Structure formats: structure tokens, C-alpha cells
1. Within the range 9-23, how many residues turn out to be free of Cβ contacts under 8 Å to residues at least 12 places away in the same chain, exposed (fewer than 10 other Cβ atoms within 10 Å of the Cβ) and of a type in the set (A, V, I, L, M, F, W, C)?
2. When residues of the range 1-30 are filtered for being under 17 Å from Val54 (Cβ atoms) and out of contact with any strand residue (DSSP E or B) (no Cβ under 8 Å at 6 or more places or on another chain), how many remain?
3. Only one residue in Glu49, Glu40, Glu8 is part of a loop (DSSP other than H, G, I, E, B) and at pLDDT below 85. Which one?
Amino acid sequence: MPDLFLDENGVAMSYVFLGVASFVKSYGARPMSIEWRLAEPIPAGLLKESRKLVG
């Protein structure tokens, strides 16, 4: 796991706070999808590492 997703004790974080977000829309059911718009862009390093995890 990239260090970017570990806290100061080396423990994997359950989530990363990306700042203020505004609701855009929701759709579907089971599972429901929700689209948000972030007030600030995702930091480049975090975006790069998260894309590696998705594949």
C-alpha cells in the first residue's frame, strides 16, 4: 500500500478527507451512485496513487 494511504503510525486509513464537496446528482439503486464536485482538486500525488489501485 502506498505511504500516502498510511497514517503517522503506519496504519492504513479507512478514508482520506478531500475537502468540501457539493452534491451534483444521484442515480441508480442497489447500489446508488452519487456524484460530488470538490471545491479543490485532488492533490496530484494522491490522484496518481489512487489510479494505481484501481488499475
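1. Taking the range 9-23 as the starting set, the residues that turn out to be free of Cβ contacts under 8 Å to residues at least 12 places away in the same chain are 9-15, 17.
When the remaining residues are screened for being exposed (fewer than 10 other Cβ atoms within 10 Å of the Cβ), the result is 9-12, 14-15, 17.
The next check asks that each one be of a type in the set (A, V, I, L, M, F, W, C); those that pass are 11-12, 17.
Counting residues in the range 9-23 that are free of Cβ contacts under 8 Å to residues at least 12 places away in the same chain, exposed (fewer than 10 other Cβ atoms within 10 Å of the Cβ) and of a type in the set (A, V, I, L, M, F, W, C) gives 3.
2. Counting residues in the range 1-30 that are under 17 Å from Val54 (Cβ atoms) and out of contact with any strand residue (DSSP E or B) (no Cβ under 8 Å at 6 or more places or on another chain) gives 4.
3. On the way: Glu49 fails: part of a loop (DSSP other than H, G, I, E, B); Glu40 fails: at pLDDT below 85.
Matching residue, one of Glu49, Glu40, Glu8: Glu8.
The values are calculated or read from the model by the stated rules, or taken from the named source; none is laboratory data. This is a predicted model, so every value here is computed, not measured. Counting neighbours? That spans all protein chains shown, and the Cβs are built from the backbone with ideal geometry, glycine included.
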